[in-house]
Amino acid sequence: HRRGTSCGVLRKASGLVEIQGRSGVMRRCMRLRPLLSLAARRASTTRSEAAADALASFREELRQHGGGATTLEVSGKVATIWLDQPAKANALSGKMMAELSDAVANLEQLCAGAYRSPPLFGGGDDGDNGDADVPLSAVLLRGRGRHFCAGADLEVVGGFLRPPAQGQLMQALMASNLRRLRALPAISVAVIDGAARGGGAELSVSTDLRVWSHAGSVAFVHNNMGLGMPGWGALHRLIHVCGRQVALRLLAFGETVHLDEAKALGLVDCVVGGSDASHSSVEKNLAETLKRITSPPFRGSMLASKTAVNYVGMDQEEAEKREARIFATRWGKGDNATAVAAILERGRQNAQQDP
């Protein structure tokens, strides 16, 4: 009865009906669960909003520290994020980290609506993302000059970011930047045309694909910094790319990996440029490689592929529903219709040529 009395007080305090009997206590107490669940969700939302506000405030403060620049260029269907501090091997200053967040936010805005909610079986506005509607096909991540990226700028690390609380906020911001970059519907490509060390190595595995020149190299030197592991969310990505054993070796020994070994480890998706790694040959080959992503009829279907791959890890049934929605926007329309017609036409021409 003590349990019933306690619950009865709670009932009266919350303005609900009085309880009568032990069974009534249990039955009516169950009605509190939705209210408690709602309160928990509201509290969680409040905490999330507070964390987002704190991160935004930190980003603006971080923007005041260090030099260099992170810039965004858009040409046609290709966007390029440039890491520009060649005097420091493109190490990321606080300013550059904040500007990387800006660049990703601008890309999210540019890509807004791409395959967000097309109808499942057509009808009315069928959501067909034809060739003209694809906002971006590819996002390149590159470093100016002879380096890709040397990680975080040590002057900023040893100054503004030295307190543990500041370091944790920096980690959260960079992990968010790279997670959002990878989640874009456009295919992201790291162009490793120089050394990628520490945080730069993390950037190299945070994109969908990696294009290397003969000048490229990568080194996870986090142990040299006394960290032992990446801090920007790259650990699971590295394991996914090259496996647990190789990832552990790269992290434990911090060895520098050059092109041939990187290819064997699965860190290279495409090689551009000749063995002399000249700038002109790299740019020429890179442009040719991008044609596969950016030229009709491929760019619309590439967007569909990337969006579907982003569903990996989601509940299977929900992922299949979303894939079905994308498929409905592609089948028999736009690029698909053009490609099928071209294949059939080539078949007819070949048949006519046969004796």
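Suppose the filter is under 15 Å from the mean Cα position of the chain (by Cα), at pLDDT 90 or above and more than 25 Å from Met170 (Cβ to Cβ); does Leu203 pass it? Show your work before the answer.
Numbers: under 15 Å from the mean Cα position of the chain (by Cα): yes; at pLDDT 90 or above: yes; more than 25 Å from Met170 (Cβ to Cβ): no.
No.
Filter the range 52-79 down to the residues that are over 22 Å from the mean Cα position of the chain (by Cα), of a type in the set (Gly, Ala, Ser) and assigned to a helix (DSSP H, G or I) and list them by number.
Ser57
Go through the residues of the range 230-241 one by one and say whether even a single one is assigned to a strand (DSSP E or B) and crowded, with 24+ Cβ neighbours inside 10 Å. Talk me through it step by step, then tell me what you get.
As a first pass, look at the range 230-241 and keep what is assigned to a strand (DSSP E or B): none.
So far as the range 230-241 goes, no, none of its residues is assigned to a strand (DSSP E or B) and crowded, with 24+ Cβ neighbours inside 10 Å.
Taking Arg197 as meeting all but one of (1) within 18 Å of the chain's Cα centre (by Cα); (2) modelled with pLDDT of 90 or more, write down the number of the exception.
For Arg197, the failing item is (1).
For the range 163-173, how many residues are over 11 Å from Leu55 (Cβ atoms) and crowded, with 17+ Cβ neighbours inside 10 Å?
Total satisfying the criteria: 1.
Step by step: first the residues of the range 75-107, then only those that are open to solvent by 40 Å² or more (accessible area, probe 1.4 Å) and in contact with a strand residue (DSSP E or B) (Cβ under 8 Å, 6 or more places away or on another chain), then the one that is farthest from Ala190 (Cα to Cα). Which residue is that?
We begin by selecting, within the range 75-107, every residue open to solvent by 40 Å² or more (accessible area, probe 1.4 Å); these are 75-77, 84, 86-88, 95, 102, 105-106.
When the remaining residues are screened for being in contact with a strand residue (DSSP E or B) (Cβ under 8 Å, 6 or more places away or on another chain), the result is 77, 84, 86, 95, 102, 106.
Details: Lys77: 16, Asp84: 15, Pro86: 17, Lys95: 21, Asp102: 18, Asn106: 18 Å.
If we take residues in the range 75-107 being open to solvent by 40 Å² or more (accessible area, probe 1.4 Å) and in contact with a strand residue (DSSP E or B) (Cβ under 8 Å, 6 or more places away or on another chain), then Lys95 is farthest from Ala190 (Cα to Cα).
Checking the conditions here, which among Arg180, Arg249, Arg210, Arg244 is surrounded by fewer than 21 Cβ atoms within 10 Å (Cβ to Cβ), within 25 Å of Asp84 (Cβ to Cβ) and basic (Lys, Arg)? Full working, then the answer.
Working: Arg249 fails: within 25 Å of Asp84 (Cβ to Cβ); Arg210 fails: surrounded by fewer than 21 Cβ atoms within 10 Å (Cβ to Cβ); Arg244 fails: within 25 Å of Asp84 (Cβ to Cβ).
Exactly one of Arg180, Arg249, Arg210, Arg244 is surrounded by fewer than 21 Cβ atoms within 10 Å (Cβ to Cβ), within 25 Å of Asp84 (Cβ to Cβ) and basic (Lys, Arg), namely Arg180.
The values are calculated or read from the model by the stated rules, or taken from the named source; none is laboratory data. These figures come from a predicted structure and were not determined experimentally. With ideal geometry, Cβ positions are generated from the backbone for all residues, glycine too; neighbour counts draw on all protein chains shown. These accessible areas exclude ligands, DNA and RNA; they are computed on the full protein's heavy atoms, side chains included. Shrake-Rupley method; radii C 1.70, N 1.55, O 1.52, S 1.80 Å.
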